Amino acid sequence: MGKAIHRQANGLVFGRGAVNPDSIKYALRRLSRLKLADVTQRLRLRIRHQKLERLFGHNREAFSLSSMVDDTKQWLEPGCRPSDIRQSLRKSCFNRLGCLNLWSPDIWSSFRKGYPAHCERLIESGHRLLKGKGSIFGHLEVDIHEGIDWFSGFESEFPRERWPEDFYWKIDFAHRSENRQRDIKLNWEINRLQFLLTLGACWRLTGDEAYSRTSVSILHGWMDQVRYPIGPHWSSNLEVALRTLSLIRTCLMFLGSDDWDDEFLLKITALIELHVDHLEHELTVHHTEGNHLLGESSALLQVSLLCPFLSRSGKRIRKASSILTRLIPRLILDDGVYAEQSASYSRFALEFLIPLIASKDSTPLMLSKHSKELIGACFYYLLELSDANGMCPMIGDSDSGSALGFYLDDYWNFSFLLACGAYIFEDQALLSKVREFPAESFLIIGPDGPDWYEANRLKPDGPVQVLNHSEPRIRRFRDGGLQTAEHGVFRTIFDVGPLGKAPGYEHGHSDGLSIQVWINDHPFLVDPGSFVYNGNQAWRMYFKGSSAHNTLKINDHDQSQPLGAFRWAYSPEILGTDTFKNEESFFIKSSIALLGALWTRHIFGLHGKTLLVLDELGCNDGGFVDLNLIFHPTWGIDVPASLKHDSSGNWTDLKLFGWDEPSVMLLYGDEDTMGGWFSTHYGVKDKTLNLRARSTTGESFRSAILIGKQPENSVASIVQQIRDLANMAKVLPSNIEWIERSLVSENGAGQVQHFRLYQTQISNR
C-alpha cells in the first residue's frame with residue numbers, strides 16, 4: 001500500500017525534476033479522503049493480482065473458457081442445466097428487466113412498422129459489417145473482419161502498433177512515454193463489442209442468418225485471441241462493464257437463432273460469468289467515485305438480474321444495489337446536476353440507470369426512493385440544458401460514449417432521454433422538447449412508450465405550454481452551479497459553479513463564468529466539445545482549457561492548474577450569484593476569485609432583443625486578460641461590419657467595448673495559435689469562428705459585449721433599460737456609467753469593435 005501511494009504521489013508531484021506545489025496539494029487532498037475501505041480494496045487488489053499471476057504461470061489452461069465450460073458446477077446454480085439457460089434468460093428479461101425485451105419478436109415487428117428510416121439505416125450498417133466494415137464512437141470507420149487483431153491500437157498514425165500481451169494491471173496505457181501519442185480509447189471502444197447489437201437488430205429485422213453467423217464468427221475470433229487476464233481489454237473495469245452489457249444484450253437478440261445453439265450459448269454464458277467475476281472483484285471503489293463505479297455497479301446489477309442461473313447472482317445483486325444507493329446521491333446533486341459537470345456524462349449515467357427503473361412491472365430493484373428522485377431531477381436538468389429540439393450543449397468532457405450502444409440518432413439529441421424520463425415518471429413536462437417518440441426510447445421502453453406519448457403530449461395543461469415564455473424565465477441550479485435564462489430571441493446558459501467533482505475535477509473544463517447563447521433556438525456562442533482524451537496532449541489541453549470557452553483568461557493561465565489529461569489542481573471559488581427579472585428583462589450577476597483577481601460578470605437580457613455582458617476585473621498586479629468567443633460553425637462574420645440590412649434576417653450585430661482594436665483576432669481552424677475549433681464527436685474536429693481579444697489590466701479592467709440587431713433598439717433605449725433594470729435589481733454595476741458613455745459615444749471608454757455575423761446555414765448542431 002505504501003509503495004502504491006508513493007508511486008502515485010511521485011507521478012503527481014514531480015515533473016521534469018521540479019516539485020509542483022499544486023500536485024502536492026492534490027495528492028494530500030486525495031490521501032485525506034482515503035477511507036479504511038479504500039485502503040482495504042487496494043490491498044485486496046494487489047493480493048488478487050499476485051495470485052492471478054502465480055496461477056496463470058502455473059496453469060494457463062485453468063483460465064480458458066473451455067475449462068469453465070467443462071466445469072459448470074463452479075459457477076452455475078445447482079440443478080441448472082446448460083439447456084435451461086435460454087428459457088431462463090427469456091423469463092428473467094421479461095420479469096426483471098422488461099424494459100429491454102430485445103428477444104421479443106413483437107418488439108422488432110413494432111419497431112419495423114414505426115421506424116422504417118431507422119430500420120433502413122440499421123440494415124445498411126449491418127451490410128457493412130458483413131463486409132468487415134464497422135464504426136466506433138458512432139462515426140469512426142474501422143475494419144471488423146475475421147482476422148481482426150483485438151490488441152491493435154487502431155490508430156491510422158500507428159497502423160502496426162499493438163498493445164502488449166501482458167497482465168492487465170501491468171499495462172501502462174496512460175503514462176508510458178512511448179504511448180503518449182497513442183490513444184487507448186480506440187482499442188477499448190472497439191472491444192466494447194457494441195457493433196454486435198447492430199448485427200442482432202438486423203437479424204431480428206430481416207431473419208437473415210448471415211448476421212447471426214457473422215456474430216458467432218466474430219465472437220469466436222475474440223475468444224480465441226483474448227485470454228484472461230492478459231491484455232488492455234481488462235485494464236479498465238468500466239470497459240469490462242460495457243462489454244458485459246453488449247454480450248448479454250446480444251445473447252437476448254440472438255436467442256432464437258440456430259447458430260446460437262445450446263453449446264455456443266453456454267460458451268458465451270461462461271464468458272459473461274468471467275466478465276462479471278472481474279467486475280465484482282475490480283470495482284473502482286478505491287478511486288474517486290464517479291461514472292466508472294456507477295457503470296460497473298449498474299452492469300453488475302443488470303446482468304445479475306438477467307442471469308439468476310449464475311451462482312453468485314444473489315450476492316452480486318445485493319452488493320451492486322448497495323453501491324448504487326450510496327453512489328447516486330454523490331453523483332447526482334439535489335438539483336439534478338450531474339456532479340462531474342459534463343452533459344455527456346449525464347447522458348452516460350442515465351443510460352446505465354434507465355434499465356433499472358424503466359419497467360413498471362418488474363420486481364423491486366433495490367434502488368432507494370431518494371435515488372429514484374435524484375434520477376428524476378437529472379432528467380429535468382437535461383430538459384433545461386437542451387434547446388427546443390432536445391439538442392444538448394457540449395458542456396464538459398465527452399468521449400461520445402454510450403451505455404446502450406445503438407447510436408440511432410444524433411449523439412447530442414437528448415430527446416430519447418427526455419422521452420424515457422417522461423414515461424418512467426409519468427410526467428408530461430419532460431415531453432416539451434420531444435417532437436416524436438424516439439427510436440432509441442422505443443428499444444428501451446417498448447411499444448407502450450409511443451402509445452403513452454400520443455396519449456399525453458397534447459393535453460391542455462401538458463407540455464405544449466412549457467416553452468411559451470412571454471416573460472423572462474430564469475432557472476438556477478444552486479448545487480450544480482448553472483444558470484439558464486430565456487426571453488425573446490435569446491436563450492443563455494451561465495456557468496457559475498465548480499469546475500467539476502472534487503477532489504480531481506476530472507471531467508470539468510476551465511470554463512468559470514462562461515456563457516452560451518442561442519438566438520431564435522439556433523446556437524450562437526457555444527462550448528466547442530472535447531475532441532480527444534489521449535494522444536496529442538496539446539489538443540487535449542486546448543479543448544478543456546479557458547481559450548476554448550466563452551470566458552476570460554488572465555495572464556495566459558487557465559482557471560486552474562491542469563494535472564495531466566483529466567485532473568485539475570483546484571476549483572476556482574464562486575463568490576455568489578444574484579438574479580432579477582421583471583416582465584420585460586432579466587439580470588444575472590456572479591463573481592469568481594481567480595488567480596489573484598476578482599472577476600464579476602453581469603448579464604442583461606433587455607426586452608428579449610438585446611443581450612449585454614459586462615465584465616469587471618480587479619487585480620492586485622498588472623498583467624493582461626484575454627477574451628474568447630466561440631461561435632457555432634453555422635455562423636460567419638463580416639469584417640468590417642456592413643450596416644446594410646439583410647432581408648433574410650439571419651444576422652446579428654456584436655460589439656466589443658474596452659478592447660484595443662489591434663488586439664482583436666479572428667481565428668478559424670488555426671493550429672499555430674490554437675483557436676477556432678469545434679468537435680461534436682470523439683476524434684473529430686472541425687473549423688469554426690473564434691474571436692479572441694487581449695488587453696492590459698492594470699489594477700482594474702472593464703469591458704462589455706453587446707449582442708442584438710441594431711438599430712432595432714436605439715442606444716438611448718438600451719442605456720435606459722440597463723439603468724432601470726439595474727436599479728430595480730439593486731445591484732448596480734460599478735461600470736454602469738462607463739458602459740453608458742461607451743454606448744452613447746463609441747470613443748467614450750476606448751475602442752469599440754463592431755462585427756456583423758451571418759447565419760450561413762440553419763442547423764441544430
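Computed from the coordinates by the stated procedures, all read-outs in this text should not be read as laboratory data. What you are looking at is a predicted structure, and each value in this text was computed from that prediction instead of being measured. When we count neighbours, we look across all protein chains shown, and the Cβ atoms used for this are built from the backbone with ideal geometry, even at glycine.
Under 5 Å from the amide H of LYS133 lie the amide H atoms of ILE144, each residue being 5 or more positions distant or on a separate chain, with H modelled from the backbone and absent for Pro and chain starts.
Working note: Cα atoms of the stretch 259-371, range along each principal axis, descending, whole Å: 49, 33, 27. Given R0 = 25 Å, the distance between the Cβ atoms of ARG48 and ASP71 translates into a calculated FRET efficiency of 0.75.
Annotation for the stretch 120-152: trypsin sites (Lys or Arg not before Pro) lying in DSSP loop with at most 16 further Cβ atoms inside 10 Å of their Cβ are LYS131. Measuring how big the stretch 474-759 is from its alpha-carbon positions, Rg and Dmax come out at 18.0, 53 Å.
Normalising the Debye intensity of the stretch 387-447 to I(0), with uniform scatterers on Cα atoms only, and taking log10 at q = 0.12, 0.14, 0.29 Å⁻¹ returns -0.28, -0.39, -1.33.
Toward the positive end of the charge dipole of the chain, with +1 on the Cβ of Lys and Arg and -1 on the Cβ of Asp and Glu, the farthest Cα among SER663, SER110, LEU310 is that of LEU310.
Rounded to whole numbers, the Karplus 3J(HN,Hα) couplings from phi for the stretch 517-525 are 9, 10, 10, 6, 6, 10, x, 10, 9 Hz, using 6.51 cos²θ - 1.76 cosθ + 1.60 with θ = phi - 60°, and x at Gly and Pro.
Using a simple charge model, +1 on the beta-carbon of Lys and Arg, -1 on the beta-carbon of Asp and Glu, nothing else, what dipole does the stretch 474-759 show about its Cα centre, in debye to the nearest 20? All intermediate terms of the calculation are to be shown ahead of the outcome.
On the way: 25 positive and 32 negative charges, 96 e Å.
Using Cβ point charges on Lys, Arg, Asp and Glu, the stretch 474-759 gives about 460 debye.
Which GluC sites (Glu not before Pro) from the stretch 564-599 combine a DSSP loop assignment with at most 12 other Cβ atoms within 10 Å?
Numbers: sites: GLU573, GLU583, GLU584; in loops: GLU583, GLU584.
Answer in residue order: GLU583.
Listed from fewest to most Cβ neighbours within 10 Å, the set MET541, MET394 follows the order MET541, MET394.
Report, in cubic angstrom per residue, the convex hull volume of the C-alpha atoms of the stretch 55-456.
Details: hull volume 54.9 nm³, N = 402.
Spread over its residues, the Cα hull of the stretch 55-456 gives 136 Å³ apiece.
Taken over the chain, the ratio of Cα radius of gyration to 2.2 N^0.38 Å equals 0.99.
For the chain, what is the calculated [θ] at 222 nm in deg cm²/dmol (nearest 500), taking -39500 (n - 2.57) for each run of four or more DSSP H residues and dividing by its residue count?
On the way: 22 runs with 290 residues, N = 765.
Helix-only estimate at 222 nm: -12000 deg cm²/dmol.
Taking the Cα centre of the chain as the origin, how large is its charge dipole in debye, to the nearest 20, when only Lys and Arg (+1) and Asp and Glu (-1) carry charge on their Cβ atoms? Present the calculation step by step, with values, prior to reporting the outcome.
Details: 83 positive and 92 negative charges, 421 e Å.
Once rounded to the nearest 20, the dipole reads 2020 debye.
If R₀ is 35 angstrom, what is the calculated FRET efficiency for the pair ASP259 and HIS281, using the beta carbon separation as r and rounding to 0.05?
Details: r = 32 Å, r/R0 = 0.92.
With R0 = 35 Å, the Cβ-Cβ based efficiency is 0.60.
The HN-Hα couplings worked out from phi for the stretch 538-550 by the Karplus form 6.51 cos²θ - 1.76 cosθ + 1.60 (θ = phi - 60°) are 4, 5, 4, 5, 5, 5, 8, x, 5, 5, 9, 9, 7 Hz, whole numbers, x standing for Gly and Pro.
Across the stretch 592-604, computed HN-Hα scalar couplings (Karplus, 6.51 cos²θ - 1.76 cosθ + 1.60, θ = phi - 60°) run 9, 8, 9, 6, x, 10, 10, 10, 10, 10, 10, 10, 10 Hz from first to last residue, x flagging Gly and Pro.
When the alpha carbon coordinates of the stretch 533-588 are projected onto the principal axes, the ranges are 51, 22, 20 Å, largest first.
Which whole-number percent gives the relative contact order of the stretch 474-759, counting Cα pairs below 8 Å spaced six or more residues apart? All intermediate terms of the calculation are to be shown ahead of the outcome.
Values: 669 pairs, mean separation 52.3, N = 286.
After rounding, I find 18 percent.
In whole angstrom, how long is each semi-axis of the equivalent ellipsoid of the stretch 274-317, when you take the square root of 5 times every eigenvalue of its Cα gyration tensor and sort them from largest down?
20, 10, 7
Under the convention that each Lys and Arg Cβ holds +1 and each Asp and Glu Cβ holds -1, the size of the dipole of the stretch 55-456 around its Cα centre is about 780 debye.
Where the alpha-carbon atoms of the stretch 349-418 are placed on the principal axes, they occupy 34, 25, 22 Å, in descending order.
Using the number of other C-beta atoms within 10 angstrom as an exposure proxy, rank ARG435, ARG756, ARG243 with the fewest first. Can you show the working numbers first?
Working: ARG435 11, ARG756 20, ARG243 24.
Fewest-to-most Cβ neighbours within 10 Å comes out as ARG435, ARG756, ARG243.
Fewest neighbouring Cβ atoms within 10 Å first, the residues THR40, THR600 line up as THR40, THR600.
So what is the relative contact order of the chain, in percent, for Cα pairs below 8 Å that sit 6 or more residues apart? Before the final figure, lay out the partial values.
Numbers: 1437 pairs, mean separation 79.4, N = 765.
That works out to 10 percent.
Ordering MET223, ALA729, GLY421 by Cα displacement along the dipole of the chain toward the positive end leaves MET223 in first place; charges were set at the Cβ atoms of Lys, Arg (+1) and Asp, Glu (-1). Close amide H partners of LEU310, meaning residues 5 or more places away or on another chain with modelled amide H under 5 Å apart, are GLU77.
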